[in-house]
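Report on the structure given below.
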Amino acid sequence: MNNNFNKFPKDFLWGGALAANQCEGGYKEGGKGLTTVDLCPAGENRRKVMEGKIDILRPIEGEYYPSHESIDFYHRYKEDVRIMKEIGLKGYRFSIDWSRVMPEGAGRVNEAGIAFYNDLIDELLKNDIEPYITMYHWELPYELYKRGGWMNPQIVEWFGEYAKLLAERFSDRVTHFFTLNEPQCFVGLGFVNGEHAPGIKAPIRDTFEMAHNVMKAHGRAVQMLRTHGKQPLVIGYAPTASVCYPATEKAEDIEAAKKSFFALPDEFSNWHWNVTWWSDPVLLGKYPEEGLAKYEPYLPKITEEDMRLISQPIDVYGQNIYNGYCVRMGEDGRTETVSRYEGFPKTAIDWPVTPECLYWGPKFLYERYQKPIYITENGLSCHDVILLDGKVHDPNRIDFLARYLHELKKAAGEIDLRGYFQWSLMDNFEWAKGYSERFGLVYVDYPTQKRILKDSAYWYQKIIKENGSTL
């Protein structure tokens, strides 16, 4: 590789990200409706759910996780935007809580919710921070869930109606929209293994039905954003992936890693955790042949009309990448995973530290799909604490980001890479993990809601100013 090209483009977007349910709070304020993630337990209650001791989604006050307050972004957004400005963020990726703007998920519009997001958008622009809207980061309106949620084919039009509303109300100032965040998680972790809201282990056939409706809803949203946008929009999609990276740079190991990366799992209990079932339909206009054969007994009817809808043209391709695993070509000509050694580096949430994934992942994805790429999430959880000097020193996070961004910088010299969003801007509610994991550049003291910039926030500030030139 020519090192003269080993740099980020001049207009590279350095950002941070949060999701509505994880940060906003105010779950009973401003006319907001309930979502499945407002009602799904975590921590000790999560264990009770898995043992059948709590009637999940039965809204009894006090039995469910306190995500309702979260980090109180709903009331503190101006303070938090000032923090974004201090760090130097060029962009902020945030999700709209569908039930805050449409409490029943369809029909009635909640003007107080619209006003909140309008105020947030205006505050971001006033501070020279580009807003990037994610339409859906798992906040399914509870009223739609009661009508079948993703199992109900009507959700395609419900999601389209929601997209139309966002285009009409926000696209005069917001040009960048991502439709869905990590369908692998909200379908797979929500309905295959039951780890995340709504915490259900559904029949495998039902999960494929949901997945197909999810794909069609994405396409319908793209149509509605295009039709009702007040200006030309940049529309994307943000799935996730565990990256396969090669053991060496030998051609056979690279081919083995690529083949493994785009393969589909054999275990139906983990069928959702893959790249191609969720990205080939959107970007190539068809489900992978391997999957159509492997999953045939479980598939819903898939029509040519469906595929035309799903493959509505998008402009950019988002990808959430945290880690990966090493692959090589075996002596028998078959791909094989390289075992990690005992004591392999890992984060506080027990995810492996594999910087190589932020080079090979974007590279493989760009080669296959030929779309400009944003890294829409990347980061780590650390055991952060306020030390005696009143500060939060997180050298592990700085080291992790330096290693990962160094690899991303290599990728930027070879592919069309548009931006990077650090996950997360602030400590917040981490789904089934509750408040036990801290991913933020900014420490949140939950009892007081005080914000403290960690050392990594100042480090990231320097990286942004230098456009990553010292990585």
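The values are calculated or read from the model by the stated rules, or taken from the named source; none is laboratory data. The structure displayed is predicted, hence computed values, not measured ones. Positions of Cβ are backbone-derived with ideal geometry, glycine not excepted, and every protein chain shown enters the neighbour counts. The accessibility values were calculated without ligands, DNA or RNA, using every heavy atom of the protein model including side chains. Shrake-Rupley method; radii C 1.70, N 1.55, O 1.52, S 1.80 Å.
Within the stretch 275-282, does at least one residue satisfy the condition of being at pLDDT 95 or above and either open to solvent by 10 Å² or more (accessible area, probe 1.4 Å) or farther than 15 Å from Gln184 by Cβ (or both)?
Going through the stretch 275-282, the residues at pLDDT 95 or above turn out to be 275-282.
Those still in the list that are either open to solvent by 10 Å² or more (accessible area, probe 1.4 Å) or farther than 15 Å from Gln184 by Cβ (or both) too: none.
No, that holds for no residue.
Selection over the stretch 136-159 of residues that are assigned to a loop (DSSP other than H, G, I, E, B) and touching a Gly at 6+ places or on another chain (Cβ under 9 Å) gives a count of 4. Would you confirm whether or not the stretch 169-178 contains a residue that is in contact with a strand residue (DSSP E or B) (Cβ under 9 Å, 6 or more places away or on another chain), in a loop (DSSP other than H, G, I, E, B) and of a type in the set (Asp, Glu)? No: the stretch 169-178 contains no residue that is in contact with a strand residue (DSSP E or B) (Cβ under 9 Å, 6 or more places away or on another chain), in a loop (DSSP other than H, G, I, E, B) and of a type in the set (Asp, Glu).
Every residue, every condition in (1) open to solvent by less than 10 Å² (accessible area, probe 1.4 Å); (2) closer than 22 Å to Ser279 by Cα; (3) part of a helix (DSSP H, G or I), yes or no:
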| residue | (1), (2), (3) |
| --- | --- |
| Pro131 | yes, no, no |
| Glu161 | no, no, yes |
| Gly190 | yes, yes, yes |
| Gly199 | no, no, no |
| Val214 | yes, yes, yes |
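If you go through the stretch 9-23 and keep only what is surrounded by fewer than 23 Cβ atoms within 10 Å (Cβ to Cβ), part of a loop (DSSP other than H, G, I, E, B) and touching a Leu at 6+ places or on another chain (Cβ under 8 Å), you end up with Pro9, Phe12.
Under 25 Å from Glu356 (Cβ atoms), among the β-branched types (Val, Ile, Thr) and either open to solvent by 60 Å² or more (accessible area, probe 1.4 Å) or touching a helix residue (DSSP H, G or I) at 6+ places or on another chain (Cβ under 9 Å) (or both), is that true of Ile415? For Ile415, the condition - under 25 Å from Glu356 (Cβ atoms), among the β-branched types (Val, Ile, Thr) and either open to solvent by 60 Å² or more (accessible area, probe 1.4 Å) or touching a helix residue (DSSP H, G or I) at 6+ places or on another chain (Cβ under 9 Å) (or both) - is met.
Reported count of residues in the stretch 353-399, each being open to solvent by less than 10 Å² (accessible area, probe 1.4 Å) and part of a helix (DSSP H, G or I), is 7.
Return a yes/no flag: does the stretch 333-349 have any residue that is farther than 27 Å from Pro9 by Cβ, within 19 Å of the chain's Cα centre (by Cα) and either modelled with pLDDT under 95 or aromatic (Phe, Trp, Tyr) (or both). Scanning the stretch 333-349, I find no residue that is farther than 27 Å from Pro9 by Cβ, within 19 Å of the chain's Cα centre (by Cα) and either modelled with pLDDT under 95 or aromatic (Phe, Trp, Tyr) (or both), so the answer is no.
Taking the stretch 223-235 as the range and being in contact (Cβ under 8 Å) with a residue 60 or more places away in the chain and closer than 16 Å to Tyr132 by Cβ as the test, the residues that pass are Leu225, Gly229, Gln231, Leu233, Val234, Ile235.
Among the residues here, Leu180 does not qualify as surrounded by fewer than 21 Cβ atoms within 10 Å (Cβ to Cβ), of a type in the set (A, V, I, L, M, F, W, C) and under 15 Å from the mean Cα position of the chain (by Cα). For the stretch 308-345, the set of residues classified as within 30 Å of Gly219 (Cα to Cα), part of a strand (DSSP E or B) and either touching a Leu at 6+ places or on another chain (Cβ under 8 Å) or open to solvent by 90 Å² or more (accessible area, probe 1.4 Å) (or both) consists of Tyr317, Gln319, Ile321, Tyr322, listed by residue number.
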